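Have a look at the structure below, then the notes.
Only the coordinates and a few stated rules stand behind these numbers; no lab work does. None of these values were measured; they are calculated from a predicted model. All Cβ positions, even for glycine, are placed from backbone atoms using ideal geometry, and neighbour counts span all protein chains on display.
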């Protein structure tokens, strides 16, 4: 399977619910797996990293989760980081990481 990065404008207050819906939608598809997310605070852009057979399957999962994705691109994931002692292993399947966002600016 290949890796794909989906990009979406995501208001900060809907980040957790969007990621939750996306994770649930991906569970229903055997060939699509949500691996990680990265959120850019200043731009309110979220990047979702998937493992999938195709970009079309990623787009379908995002659509079924009700997310408006700006684009889906093939991505390369470096294994060099995964072998580094500094790399934190992802949680077991079925569990999610807890995200702690800094407080919103006043």
Exercise for review: May I ask you to verify whether residue 51 is free of Cβ contacts under 8 Å to residues at least 60 places away in the same chain, on the phi < 0 side of the Ramachandran plot, surrounded by 13 or more Cβ atoms within 10 Å (Cβ to Cβ) and assigned to a strand (DSSP E or B)?
Suggested key: yes
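A quick yes/no check of all residues on (1) without any contact (Cβ under 8 Å) to a residue 24 or more places away in the chain; (2) assigned to a strand (DSSP E or B); (3) within 13 Å of the chain's Cα centre (by Cα):
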residue	(1), (2), (3)
5	no, yes, yes
13	yes, no, no
26	no, no, yes
42	yes, no, no
58	no, no, yes
61	no, no, yes
